[in-house]
Amino acid sequence: MVGYRSKWVFATSIIAVSLTLSGVAIATGPTGSVVSEVLGAGATDGKFEFRAKPGTNTVVASFTFGPNSSTGWHTHPGRTLVTVKSGTFTVYHAEDCAPLVYEPGDAFVELPTTVHVGRNETTESVELGVVFFKVPIDGSPRIDQPQPENCDVT
C-alpha cells in the first residue's frame, strides 16, 4: 500500500511541476465591472444540434408579451431556441393547430420550416429568452406567413 501511495504522490508532483513549467495558467475570476443577466433558462427533452453558418448572424433577444398578445404567424430563417423565463406561452403550428403550452423553465426549438404562432393567452406578462440562428446579415429573424386555412388562431 505504501508503494502505491508513493507512486501516486510522485506522479501527481510530476504533473504539477510540468503544468507550472509549461505555463498553463490557473483560471481566475472576472475583474472590473462585469454585469451578467440571464435572459432565460430552460430544459427540453428533445435533442437538437445548432450550427452557426458563416455569413449569417446569431441573434440573442429577450421578449416580453403583454396579456392576450400574439406573435402573428411566421417562420424563422434558421433554428430558434426559446426559453420561458416567466408566464405561460402557448404555441400553435400550422400543420395541426394543437396548442403546445410552455411554462417557466421550459425550452423549445422551432425549426425553420415550421409555420407557427406564439401567444400569451393569460392576463399576466410572459418573458422569453430567444436565440435565432442563421439570420441573414442585415436580415430579420422573423419571416411573416399567412394565416393557415385550418387554424383560426391569430
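Bear in mind that the values in this text are calculations on the coordinates, not laboratory data. Just so it is clear, the model here is predicted, and its values are computed rather than measured. Heads up, the Cβs are rebuilt from the backbone with ideal geometry, glycines too, and the neighbour counts pull from every protein chain shown.
Among residues other than Val109 with Cβ under 12 Å from its Cβ, the summed charge is -2 (Lys and Arg +1, Asp and Glu -1). Projected label points at Ala52 and Ser70, each 7 Å from Cα along the beta carbon direction, are separated by 3.6 nanometres. For the pair Thr113 and Leu100 in one chain, pulling the backbone fully straight at 0.36 nm per residue adds 2.9 nm over the alpha carbon distance. Listed by chain and number, the aspartates and glutamates whose C-alpha is less than 18 Å from the C-alpha of Lys47, apart from same-chain residues fewer than 8 away, are Asp106, Glu110.
Per residue, the convex hull around the alpha carbon atoms of the range 42-154 comes to 96 Å³. Measure out, as a whole number of angstrom, how far apart the alpha-carbon centroids of the range 105-152 and the range 29-88 sit. Using only Cα atoms, the two centres lie 11 Å from each other.
With bins 5 Å wide beginning at 0, the percent of Cα pairs of the range 45-103 falling in each bin runs 4, 11, 21, 26, 20, 13, 5, 1.
Think of each Lys and Arg Cβ as +1 and each Asp and Glu Cβ as -1; about the Cα centre, that makes the dipole of the range 35-154 roughly 520 debye.
3J(HN,Hα) along the range 122-137: 10, 9, 10, 6, 10, 10, 10, x, 9, 10, 9, 9, 6, 7, x, 4 Hz, from the Karplus curve 6.51 cos²θ - 1.76 cosθ + 1.60 with θ = phi - 60°, whole Hz, x for Gly and Pro.
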